[in-house]
Amino acid sequence: METICFQKIEGGDGHNMGIDDAINYEDLRKLAKHRLPKIAFDFIEGGVEDEVGLDRNQQAFRDTPLVPRYMRNIDGVDKKTELFGHTYDGPFGVSPTGLIGLFRPGGDLMLAAAARNANIPFVMSGSANCTVEELGETAPEHGWFQLYAARDNTVSEDMIRRAEAVGLSTLVVTVDVPVHSNRERNTRNGFTRPLKMSLETRLDALSHPSWMMGYLRQGMPMIKNWLPYAKDGATADDVANLVTAQVTAPLTWDNIARYRDLWPRNLVIKGIMHVDDAVKAAEVGVDGIVVSNHGARQLDRSPASLEVLPGIVAAVGDRLTVMLDSGVQRGSDIVTALCLGAKFVFTGRATLYGLTAGGKPGAAKAIGILNNEVDLVMAQMGAANIAALGEEFIYKPLPRNY
Ligand code: FNR
(Lines give C-alpha, C1' and ligand atoms only; values in the text may rest on other atoms or scores of the structure.)
Protein backbone atom coordinates (compact mmCIF):
# COMPACT_ATOMS: atom_id res chain seq x y z
CA MET A 1 0.00 0.00 0.00
CA GLU A 2 1.32 3.42 -0.85
CA THR A 3 1.51 6.16 1.69
CA ILE A 4 2.10 9.74 0.75
CA CYS A 5 3.79 12.34 2.87
CA PHE A 6 1.22 15.11 3.21
CA GLN A 7 3.11 16.65 6.04
CA LYS A 8 4.37 20.13 5.34
CA ILE A 9 7.72 21.33 6.53
CA GLU A 10 9.37 24.68 6.67
CA GLY A 11 10.99 25.29 3.26
CA GLY A 12 14.35 27.02 2.91
CA ASP A 13 12.70 30.36 2.21
CA GLY A 14 10.21 30.09 5.04
CA HIS A 15 7.16 28.65 3.26
CA ASN A 16 5.47 25.42 4.23
CA MET A 17 6.52 22.65 1.91
CA GLY A 18 4.92 19.35 0.92
CA ILE A 19 5.94 17.01 -1.87
CA ASP A 20 3.83 18.95 -4.38
CA ASP A 21 5.76 22.11 -3.56
CA ALA A 22 9.17 20.57 -4.15
CA ILE A 23 10.90 22.17 -7.11
CA ASN A 24 14.37 20.69 -6.97
CA TYR A 25 16.71 18.06 -5.51
CA GLU A 26 17.35 20.12 -2.40
CA ASP A 27 13.64 20.31 -1.61
CA LEU A 28 13.31 16.54 -1.98
CA ARG A 29 16.35 16.05 0.24
CA LYS A 30 14.83 18.28 2.93
CA LEU A 31 11.51 16.45 2.80
CA ALA A 32 13.24 13.07 3.06
CA LYS A 33 15.32 14.31 5.96
CA HIS A 34 12.21 15.48 7.72
CA ARG A 35 10.48 12.12 7.31
CA LEU A 36 13.35 9.89 8.38
CA PRO A 37 15.10 9.41 11.69
CA LYS A 38 18.75 10.43 11.56
CA ILE A 39 20.01 6.84 11.46
CA ALA A 40 18.15 6.19 8.19
CA PHE A 41 18.70 9.59 6.57
CA ASP A 42 22.44 9.47 7.25
CA PHE A 43 22.58 6.08 5.56
CA ILE A 44 21.29 7.67 2.36
CA GLU A 45 23.11 10.96 2.45
CA GLY A 46 26.41 9.84 3.91
CA GLY A 47 29.71 9.15 2.25
CA VAL A 48 32.88 7.64 3.68
CA GLU A 49 35.40 8.89 6.26
CA ASP A 50 35.88 12.66 5.68
CA GLU A 51 33.19 12.70 2.96
CA VAL A 52 35.38 14.71 0.59
CA GLY A 53 34.16 12.49 -2.25
CA LEU A 54 30.61 13.80 -1.90
CA ASP A 55 31.76 17.37 -2.53
CA ARG A 56 34.13 16.31 -5.29
CA ASN A 57 31.34 14.57 -7.19
CA GLN A 58 29.24 17.71 -7.23
CA GLN A 59 32.11 20.08 -7.77
CA ALA A 60 33.18 18.22 -10.90
CA PHE A 61 29.84 19.10 -12.51
CA ARG A 62 29.93 22.68 -11.29
CA ASP A 63 33.47 23.14 -12.59
CA THR A 64 32.38 22.12 -16.10
CA PRO A 65 30.54 25.09 -17.58
CA LEU A 66 28.21 24.62 -20.53
CA VAL A 67 28.47 27.12 -23.39
CA PRO A 68 25.10 27.92 -24.99
CA ARG A 69 24.60 28.34 -28.74
CA TYR A 70 21.76 30.62 -29.82
CA MET A 71 19.62 31.29 -32.88
CA ARG A 72 19.34 27.62 -33.67
CA ASN A 73 15.62 27.61 -34.15
CA ILE A 74 14.95 25.41 -31.12
CA ASP A 75 11.25 24.82 -30.66
CA GLY A 76 10.98 21.97 -28.18
CA VAL A 77 13.50 19.36 -27.18
CA ASP A 78 13.43 15.66 -28.01
CA LYS A 79 15.11 13.71 -25.20
CA LYS A 80 14.33 10.24 -26.47
CA THR A 81 17.37 8.06 -25.97
CA GLU A 82 18.10 4.67 -27.40
CA LEU A 83 19.92 2.26 -25.12
CA PHE A 84 20.44 -1.44 -25.74
CA GLY A 85 17.70 -1.40 -28.36
CA HIS A 86 15.05 0.23 -26.13
CA THR A 87 13.94 3.82 -26.73
CA TYR A 88 13.58 5.57 -23.39
CA ASP A 89 11.82 8.90 -22.90
CA GLY A 90 14.85 10.47 -21.27
CA PRO A 91 18.61 10.04 -21.00
CA PHE A 92 18.66 8.94 -17.36
CA GLY A 93 17.52 6.08 -15.16
CA VAL A 94 17.40 5.02 -11.53
CA SER A 95 20.54 3.55 -9.93
CA PRO A 96 20.26 0.56 -7.62
CA THR A 97 19.91 1.45 -3.95
CA GLY A 98 19.61 -1.13 -1.22
CA LEU A 99 17.39 -1.26 1.85
CA ILE A 100 14.75 0.98 0.27
CA GLY A 101 12.08 -0.62 2.47
CA LEU A 102 13.65 1.07 5.46
CA PHE A 103 12.86 4.48 4.00
CA ARG A 104 9.51 3.64 2.42
CA PRO A 105 7.91 0.20 2.92
CA GLY A 106 7.34 -1.36 -0.51
CA GLY A 107 9.50 1.39 -2.00
CA ASP A 108 11.45 -0.75 -4.49
CA LEU A 109 8.33 -1.49 -6.50
CA MET A 110 7.03 2.08 -6.20
CA LEU A 111 10.28 3.34 -7.68
CA ALA A 112 10.14 0.65 -10.35
CA ALA A 113 6.58 1.66 -11.25
CA ALA A 114 7.44 5.37 -11.34
CA ALA A 115 10.37 4.62 -13.69
CA ARG A 116 8.18 2.40 -15.88
CA ASN A 117 5.52 5.10 -16.12
CA ALA A 118 8.15 7.64 -17.11
CA ASN A 119 9.65 5.15 -19.60
CA ILE A 120 13.10 5.13 -18.04
CA PRO A 121 15.04 2.17 -16.60
CA PHE A 122 15.06 1.20 -12.92
CA VAL A 123 17.87 -0.94 -11.54
CA MET A 124 16.82 -3.13 -8.64
CA SER A 125 19.54 -3.43 -6.00
CA GLY A 126 21.16 -6.73 -5.09
CA SER A 127 20.09 -5.92 -1.54
CA ALA A 128 16.55 -4.83 -2.40
CA ASN A 129 13.55 -5.52 -0.20
CA CYS A 130 11.49 -6.98 -3.02
CA THR A 131 12.27 -9.91 -5.26
CA VAL A 132 13.42 -10.05 -8.82
CA GLU A 133 10.21 -11.96 -9.57
CA GLU A 134 8.12 -9.04 -8.23
CA LEU A 135 10.19 -6.67 -10.35
CA GLY A 136 9.47 -8.82 -13.39
CA GLU A 137 5.75 -8.33 -12.76
CA THR A 138 5.90 -4.60 -12.04
CA ALA A 139 8.36 -3.42 -14.67
CA PRO A 140 9.17 -6.24 -17.07
CA GLU A 141 10.56 -3.93 -19.73
CA HIS A 142 12.10 -1.27 -17.53
CA GLY A 143 13.48 -3.30 -14.65
CA TRP A 144 17.17 -4.19 -14.65
CA PHE A 145 18.74 -6.37 -11.97
CA GLN A 146 21.92 -5.52 -10.07
CA LEU A 147 24.02 -8.37 -8.76
CA TYR A 148 26.35 -8.28 -5.80
CA ALA A 149 28.53 -11.31 -6.45
CA ALA A 150 28.30 -13.73 -3.54
CA ARG A 151 31.18 -15.69 -2.05
CA ASP A 152 29.11 -18.75 -2.83
CA ASN A 153 29.05 -18.83 -6.64
CA THR A 154 25.95 -20.96 -6.72
CA VAL A 155 24.01 -18.07 -5.12
CA SER A 156 25.15 -15.56 -7.76
CA GLU A 157 24.45 -17.99 -10.53
CA ASP A 158 21.00 -18.77 -9.21
CA MET A 159 20.16 -15.06 -9.01
CA ILE A 160 21.30 -14.62 -12.62
CA ARG A 161 19.09 -17.53 -13.62
CA ARG A 162 16.12 -15.98 -11.78
CA ALA A 163 16.61 -12.60 -13.51
CA GLU A 164 16.72 -14.38 -16.85
CA ALA A 165 13.66 -16.47 -16.03
CA VAL A 166 11.52 -13.37 -15.45
CA GLY A 167 12.70 -11.87 -18.73
CA LEU A 168 14.71 -8.88 -17.56
CA SER A 169 16.82 -7.28 -20.28
CA THR A 170 19.88 -6.18 -18.36
CA LEU A 171 22.14 -7.53 -15.62
CA VAL A 172 24.31 -5.00 -13.78
CA VAL A 173 27.25 -6.39 -11.81
CA THR A 174 28.51 -3.99 -9.16
CA VAL A 175 32.27 -4.41 -8.69
CA ASP A 176 33.26 -1.58 -6.34
CA VAL A 177 32.52 -3.24 -3.01
CA PRO A 178 35.63 -5.37 -2.35
CA VAL A 179 35.16 -4.55 1.35
CA HIS A 180 32.49 -2.82 3.37
CA SER A 181 33.54 0.81 3.43
CA ASN A 182 34.20 2.98 6.44
CA ARG A 183 30.98 4.98 6.68
CA GLU A 184 31.54 6.85 9.89
CA ARG A 185 28.02 8.26 10.13
CA ASN A 186 26.69 4.71 10.29
CA THR A 187 29.23 3.76 12.94
CA ARG A 188 28.32 6.74 15.10
CA ASN A 189 24.60 6.06 14.65
CA GLY A 190 25.00 2.38 15.52
CA PHE A 191 23.79 1.41 12.03
CA THR A 192 26.11 -1.57 12.03
CA ARG A 193 25.89 -5.37 12.08
CA PRO A 194 24.67 -6.09 14.70
CA LEU A 195 22.64 -2.91 15.18
CA LYS A 196 23.89 -0.86 18.13
CA MET A 197 21.20 1.77 18.54
CA SER A 198 21.70 4.11 21.47
CA LEU A 199 18.82 5.44 23.55
CA GLU A 200 19.21 8.75 21.71
CA THR A 201 18.82 7.00 18.35
CA ARG A 202 15.71 5.20 19.55
CA LEU A 203 14.17 8.43 20.86
CA ASP A 204 14.97 10.17 17.57
CA ALA A 205 13.17 7.36 15.69
CA LEU A 206 10.12 7.80 17.93
CA SER A 207 9.99 11.47 17.04
CA HIS A 208 9.34 10.59 13.36
CA PRO A 209 5.82 9.18 13.61
CA SER A 210 4.98 8.68 9.93
CA TRP A 211 8.20 6.73 9.42
CA MET A 212 7.73 4.89 12.73
CA MET A 213 4.25 3.66 11.72
CA GLY A 214 5.67 1.97 8.64
CA TYR A 215 8.54 0.51 10.62
CA LEU A 216 6.22 -0.88 13.28
CA ARG A 217 4.07 -2.48 10.57
CA GLN A 218 6.93 -4.24 8.79
CA GLY A 219 9.89 -4.25 11.21
CA MET A 220 13.38 -4.40 9.76
CA PRO A 221 12.82 -4.98 6.03
CA MET A 222 13.85 -8.35 4.64
CA ILE A 223 16.43 -8.50 1.83
CA LYS A 224 14.01 -10.73 0.04
CA ASN A 225 16.05 -12.00 -2.92
CA TRP A 226 18.40 -13.70 -0.50
CA LEU A 227 15.77 -15.49 1.57
CA PRO A 228 15.96 -18.73 -0.48
CA TYR A 229 19.66 -19.01 0.37
CA ALA A 230 19.21 -18.53 4.12
CA LYS A 231 18.39 -21.18 6.70
CA ASP A 232 14.75 -22.17 7.18
CA GLY A 233 12.79 -19.66 9.25
CA ALA A 234 15.48 -16.97 8.80
CA THR A 235 14.57 -13.54 10.15
CA ALA A 236 15.34 -10.26 8.37
CA ASP A 237 18.34 -9.97 10.64
CA ASP A 238 19.62 -13.44 9.73
CA VAL A 239 19.31 -12.62 6.03
CA ALA A 240 21.08 -9.27 6.50
CA ASN A 241 23.95 -11.11 8.23
CA LEU A 242 24.12 -13.56 5.35
CA VAL A 243 24.26 -10.76 2.79
CA THR A 244 26.91 -8.88 4.77
CA ALA A 245 29.09 -11.98 4.91
CA GLN A 246 28.54 -12.96 1.27
CA VAL A 247 28.77 -9.76 -0.77
CA THR A 248 32.38 -8.81 -0.22
CA ALA A 249 33.48 -11.74 -2.35
CA PRO A 250 36.92 -11.63 -3.94
CA LEU A 251 35.81 -10.77 -7.45
CA THR A 252 37.97 -11.20 -10.55
CA TRP A 253 37.59 -10.91 -14.30
CA ASP A 254 37.03 -14.67 -14.30
CA ASN A 255 33.72 -14.05 -12.51
CA ILE A 256 32.74 -11.53 -15.17
CA ALA A 257 33.69 -13.97 -17.92
CA ARG A 258 31.54 -16.61 -16.21
CA TYR A 259 28.57 -14.21 -15.97
CA ARG A 260 29.11 -13.36 -19.63
CA ASP A 261 28.72 -17.06 -20.45
CA LEU A 262 25.65 -17.43 -18.26
CA TRP A 263 23.79 -14.24 -19.10
CA PRO A 264 22.56 -14.03 -22.68
CA ARG A 265 21.30 -10.44 -22.64
CA ASN A 266 22.86 -7.04 -21.83
CA LEU A 267 25.65 -7.28 -19.29
CA VAL A 268 26.78 -4.10 -17.56
CA ILE A 269 29.58 -3.58 -15.03
CA LYS A 270 28.93 -0.82 -12.50
CA GLY A 271 31.78 0.85 -10.65
CA ILE A 272 34.50 1.17 -13.32
CA MET A 273 36.82 4.13 -12.70
CA HIS A 274 40.11 3.21 -14.39
CA VAL A 275 40.69 3.30 -18.14
CA ASP A 276 42.48 -0.07 -18.07
CA ASP A 277 39.52 -1.69 -16.31
CA ALA A 278 37.23 -0.22 -18.96
CA VAL A 279 39.45 -1.70 -21.68
CA LYS A 280 39.40 -5.07 -19.92
CA ALA A 281 35.59 -4.87 -19.70
CA ALA A 282 35.47 -4.38 -23.46
CA GLU A 283 37.80 -7.33 -23.94
CA VAL A 284 35.66 -9.73 -21.89
CA GLY A 285 32.67 -8.71 -23.97
CA VAL A 286 30.39 -6.82 -21.60
CA ASP A 287 27.84 -4.58 -23.29
CA GLY A 288 28.20 -1.55 -21.06
CA ILE A 289 29.84 0.01 -18.03
CA VAL A 290 28.63 2.52 -15.49
CA VAL A 291 31.47 4.87 -14.61
CA SER A 292 30.68 5.33 -10.95
CA ASN A 293 32.25 5.82 -7.55
CA HIS A 294 29.11 4.49 -5.88
CA GLY A 295 27.97 8.00 -4.99
CA ALA A 296 31.18 8.54 -2.98
CA ARG A 297 30.24 5.68 -0.65
CA GLN A 298 33.23 3.40 -1.16
CA LEU A 299 36.64 5.08 -1.67
CA ASP A 300 36.50 8.60 -0.31
CA ARG A 301 39.62 9.74 -2.20
CA SER A 302 38.35 8.51 -5.54
CA PRO A 303 38.11 11.05 -8.35
CA ALA A 304 34.64 12.09 -9.40
CA SER A 305 33.18 9.82 -12.05
CA LEU A 306 32.81 12.86 -14.31
CA GLU A 307 36.57 13.47 -14.09
CA VAL A 308 37.49 10.02 -15.39
CA LEU A 309 34.66 9.84 -17.93
CA PRO A 310 36.35 11.51 -20.95
CA GLY A 311 39.42 9.24 -20.79
CA ILE A 312 37.24 6.16 -20.56
CA VAL A 313 35.03 7.28 -23.44
CA ALA A 314 38.11 7.93 -25.57
CA ALA A 315 39.45 4.45 -24.82
CA VAL A 316 36.33 2.29 -25.17
CA GLY A 317 33.42 4.48 -26.25
CA ASP A 318 33.29 2.78 -29.65
CA ARG A 319 33.34 -0.74 -28.16
CA LEU A 320 30.77 -0.64 -25.38
CA THR A 321 28.10 1.64 -23.93
CA VAL A 322 29.59 4.04 -21.39
CA MET A 323 27.17 5.32 -18.76
CA LEU A 324 27.73 7.37 -15.60
CA ASP A 325 26.41 7.98 -12.10
CA SER A 326 27.54 9.68 -8.88
CA GLY A 327 26.73 13.23 -7.85
CA VAL A 328 23.87 13.90 -10.26
CA GLN A 329 21.49 16.40 -8.71
CA ARG A 330 20.40 18.58 -11.61
CA GLY A 331 19.33 18.16 -15.20
CA SER A 332 22.42 20.18 -16.11
CA ASP A 333 24.57 17.46 -14.49
CA ILE A 334 22.93 14.88 -16.75
CA VAL A 335 23.48 17.06 -19.82
CA THR A 336 27.11 17.68 -18.85
CA ALA A 337 27.84 13.96 -18.61
CA LEU A 338 26.19 13.40 -22.00
CA CYS A 339 28.26 16.19 -23.55
CA LEU A 340 31.39 14.50 -22.22
CA GLY A 341 30.48 11.26 -23.94
CA ALA A 342 28.25 9.27 -21.55
CA LYS A 343 25.43 7.55 -23.42
CA PHE A 344 23.19 7.44 -20.35
CA VAL A 345 23.18 8.71 -16.78
CA PHE A 346 21.80 7.32 -13.51
CA THR A 347 20.69 8.93 -10.26
CA GLY A 348 20.74 7.33 -6.83
CA ARG A 349 19.86 9.80 -4.10
CA ALA A 350 17.75 12.17 -6.24
CA THR A 351 15.07 9.60 -6.94
CA LEU A 352 15.47 7.95 -3.55
CA TYR A 353 14.78 11.25 -1.77
CA GLY A 354 11.67 11.72 -3.90
CA LEU A 355 10.45 8.22 -3.07
CA THR A 356 11.20 8.63 0.62
CA ALA A 357 9.42 11.95 0.77
CA GLY A 358 6.32 11.00 -1.18
CA GLY A 359 6.09 7.30 -2.13
CA LYS A 360 5.40 6.58 -5.80
CA PRO A 361 4.14 10.12 -6.55
CA GLY A 362 7.28 11.45 -4.86
CA ALA A 363 9.47 9.25 -7.07
CA ALA A 364 7.54 10.45 -10.11
CA LYS A 365 8.04 14.01 -8.91
CA ALA A 366 11.82 13.53 -8.70
CA ILE A 367 11.91 12.07 -12.21
CA GLY A 368 9.70 14.91 -13.47
CA ILE A 369 11.94 17.57 -11.93
CA LEU A 370 15.02 16.10 -13.61
CA ASN A 371 13.20 15.70 -16.93
CA ASN A 372 12.05 19.28 -16.83
CA GLU A 373 15.52 20.54 -15.98
CA VAL A 374 17.07 18.55 -18.85
CA ASP A 375 14.50 20.05 -21.25
CA LEU A 376 15.23 23.59 -20.13
CA VAL A 377 19.00 23.23 -20.13
CA MET A 378 19.06 21.64 -23.59
CA ALA A 379 16.79 24.34 -25.00
CA GLN A 380 18.89 27.03 -23.37
CA MET A 381 22.05 25.51 -24.87
CA GLY A 382 20.57 25.15 -28.35
CA ALA A 383 20.50 21.34 -28.43
CA ALA A 384 17.34 20.00 -30.03
CA ASN A 385 17.98 16.36 -29.26
CA ILE A 386 20.33 14.03 -27.43
CA ALA A 387 22.45 13.38 -30.51
CA ALA A 388 23.23 17.10 -30.67
CA LEU A 389 25.00 17.03 -27.29
CA GLY A 390 28.77 16.90 -27.40
CA GLU A 391 32.07 18.52 -26.51
CA GLU A 392 31.06 21.60 -28.50
CA PHE A 393 29.10 22.74 -25.44
CA ILE A 394 31.85 22.21 -22.89
CA TYR A 395 33.67 25.41 -22.05
CA LYS A 396 37.40 25.32 -22.64
CA PRO A 397 39.34 28.44 -21.69
CA LEU A 398 41.21 29.86 -24.69
CA PRO A 399 44.76 31.18 -24.48
CA ARG A 400 44.75 34.84 -23.40
CA ASN A 401 46.05 36.11 -26.75
CA TYR A 402 43.37 34.35 -28.76
C1 FNR B 1 23.57 3.00 -3.13
N2 FNR B 1 24.32 2.48 -4.18
C3 FNR B 1 24.23 1.13 -4.48
N4 FNR B 1 24.85 0.64 -5.57
C5 FNR B 1 24.72 -0.66 -5.92
O6 FNR B 1 25.28 -1.09 -6.92
N7 FNR B 1 23.95 -1.50 -5.14
C8 FNR B 1 23.33 -1.07 -4.01
O9 FNR B 1 22.64 -1.83 -3.35
C10 FNR B 1 23.48 0.29 -3.64
N11 FNR B 1 22.87 0.77 -2.52
C12 FNR B 1 22.86 2.13 -2.27
C13 FNR B 1 22.11 2.63 -1.22
C14 FNR B 1 22.01 4.00 -1.02
C15 FNR B 1 21.17 4.52 0.09
C16 FNR B 1 22.70 4.88 -1.89
C17 FNR B 1 22.60 6.37 -1.73
C18 FNR B 1 23.47 4.38 -2.92
C19 FNR B 1 25.03 3.38 -5.11
C20 FNR B 1 24.09 3.84 -6.22
O21 FNR B 1 23.74 2.80 -7.08
C22 FNR B 1 24.72 4.94 -7.07
O23 FNR B 1 25.96 4.50 -7.58
C24 FNR B 1 24.92 6.26 -6.32
O25 FNR B 1 23.85 6.52 -5.47
C26 FNR B 1 25.06 7.38 -7.33
O27 FNR B 1 25.33 8.58 -6.69
P28 FNR B 1 24.20 9.67 -6.35
O29 FNR B 1 23.32 9.81 -7.57
O30 FNR B 1 23.46 9.16 -5.16
O31 FNR B 1 25.00 10.88 -6.04
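The values are calculated or read from the model by the stated rules, or taken from the named source; none is laboratory data. Everything numeric here is computed off the predicted structure, so don't read it as measured data. In this analysis, Cβ positions are derived from the backbone assuming ideal geometry, glycine residues included, and neighbour counts consider all displayed protein chains.
Taken together, the residues in region 285-315 that are surrounded by fewer than 23 Cβ atoms within 10 Å (Cβ to Cβ), touching a strand residue (DSSP E or B) at 6+ places or on another chain (Cβ under 9 Å) and of a type in the set (A, V, I, L, M) amount to 2.
Determine if region 362-372 includes at least one residue that is modelled with pLDDT under 95 and of a type in the set (A, V, I, L, M). Within region 362-372, none of the residues are modelled with pLDDT under 95 and of a type in the set (A, V, I, L, M). If you check every pair at least six apart or on different chains, which have Cβ atoms under 8 Å apart with a residue in region 379-402 that is more than 21 Å from R62 (Cβ to Cβ) and at pLDDT 95 or above first and a residue that is surrounded by 12 or more Cβ atoms within 10 Å (Cβ to Cβ) and polar (S, T, N, Q) second? Matching pairs, first to second residue: I386/T81.
Name the residues in region 193-241 that are part of a loop (DSSP other than H, G, I, E, B), surrounded by 14 or more Cβ atoms within 10 Å (Cβ to Cβ) and at pLDDT below 90, would you? Break it down stepwise before answering.
Residues of region 193-241 that are part of a loop (DSSP other than H, G, I, E, B), as a first pass: 193-198, 207-208, 219-223, 230-235.
Narrowing further to those that are surrounded by 14 or more Cβ atoms within 10 Å (Cβ to Cβ): 197, 208, 220-223, 230, 234.
Hit for region 193-241 is M197, nothing else.
Looking for something within 11 Å of the ligand (Cβ to nearest atom) and either surrounded by fewer than 24 Cβ atoms within 10 Å (Cβ to Cβ) or β-branched (V, I, T) (or both) - is there at least one such residue anywhere in region 127-134? Yes: region 127-134 contains one or more residues that are within 11 Å of the ligand (Cβ to nearest atom) and either surrounded by fewer than 24 Cβ atoms within 10 Å (Cβ to Cβ) or β-branched (V, I, T) (or both).
Output the residues belonging to region 247-257 that are modelled with pLDDT of 95 or more and closer than 13 Å to V155 by Cβ. Scanning region 247-257 gives a single hit, N255. If you go through region 250-287 and keep only what is in contact with a Phe, Trp or Tyr (Cβ under 8 Å, 6 or more places away or on another chain) and either small (G, A, S) or closer than 15 Å to F145 by Cα (or both), you end up with N266, L267, V268, D287.
Of the residues that make up region 270-285, is at least one closer than 25 Å to D152 by Cα, in a loop (DSSP other than H, G, I, E, B), of a type in the set (D, E, K, R) and in contact (Cβ under 8 Å) with a residue 40 or more places away in the chain? No. Scanning region 278-296 for residues that are more than 16 Å from the ligand (Cβ to nearest atom) and under 22 Å from the mean Cα position of the chain (by Cα) returns A278, D287. For region 160-179, a tally of residues being over 14 Å from V123 (Cβ atoms) and more than 12 Å from the ligand (Cβ to nearest atom) returns 9. Residues of region 337-350 that are farther than 18 Å from L99 by Cβ, within 14 Å of the ligand (Cβ to nearest atom) and either more than 15 Å from the chain's Cα centre (by Cα) or assigned to a helix (DSSP H, G or I) (or both): A337, A342.
Scanning region 320-337 for residues that are farther than 15 Å from L28 by Cα and surrounded by fewer than 24 Cβ atoms within 10 Å (Cβ to Cβ) returns L320, T321, S332.
Annotation: A40 fulfils all but one of (1) more than 29 Å from K343 (Cβ to Cβ); (2) away from the ligand (no atom under 12 Å from the Cβ); (3) in contact (Cβ under 8 Å) with a residue 24 or more places away in the chain; the unmet one is (2). Every listed requirement among (1) within 16 Å of the ligand (Cβ to nearest atom); (2) on the phi < 0 side of the Ramachandran plot is met by I74 save one, (1). Of the set (1) out of contact with any Pro (no Cβ under 6 Å at 6 or more places or on another chain); (2) more than 14 Å from the ligand (Cβ to nearest atom), all apply to H142 but (1). Among residues of region 98-111 that are over 12 Å from T351 (Cβ atoms) and assigned to a loop (DSSP other than H, G, I, E, B), those with a Cβ under 8 angstrom from a residue that is near the ligand (Cβ under 9 Å from one of its atoms) and hydrophobic (A, V, I, L, M, F, W, C), sequence gap 6+ or separate chain, pair up as G98/A128; L99/F43.
Looking at region 41-88, which of its residues are small (G, A, S) and over 17 Å from the mean Cα position of the chain (by Cα)? Explain how you work it out, then say what you get.
Initially, region 41-88 is screened for residues small (G, A, S), giving 46-47, 53, 60, 76, 85.
Residues satisfying the conditions are A60, G76, G85.
Residues being aromatic (F, W, Y) and out of contact with any Lys or Arg (no Cβ under 9 Å at 6 or more places or on another chain): count how many of those fall in region 247-267. Give the derivation first.
Going residue by residue through region 247-267, those that are aromatic (F, W, Y) are 253, 259, 263.
Filter once more, keeping what is out of contact with any Lys or Arg (no Cβ under 9 Å at 6 or more places or on another chain): 259, 263.
Selection size over region 247-267: 2.
Evaluated against (1) within 14 Å of the ligand (Cβ to nearest atom); (2) part of a strand (DSSP E or B); (3) of a type outside the set (S, T, Y), L306 falls short on exactly one condition, (2). Exactly one residue out of G53, G90 is at pLDDT 95 or above, within 21 Å of A379 (Cβ to Cβ) and among the small types (G, A, S), and it is G90.
Mind checking which residues of region 53-104 are hydroxyl-bearing (S, T, Y) and over 30 Å from M213 (Cβ atoms)?
Kept after step one, since they are hydroxyl-bearing (S, T, Y), are these residues of region 53-104: 64, 70, 81, 87-88, 95, 97.
Once the filter is applied, which keeps residues that are hydroxyl-bearing (S, T, Y) and over 30 Å from M213 (Cβ atoms), region 53-104 yields T64, Y70, T81, T87, Y88.
Say whether the condition of being within 18 Å of the chain's Cα centre (by Cα), under 16 Å from S95 (Cβ atoms), buried (at least 24 other Cβ atoms within 10 Å of the Cβ) and among the β-branched types (V, I, T) is met by at least one residue in region 351-359. Yes - at least one qualifying residue is present in region 351-359.
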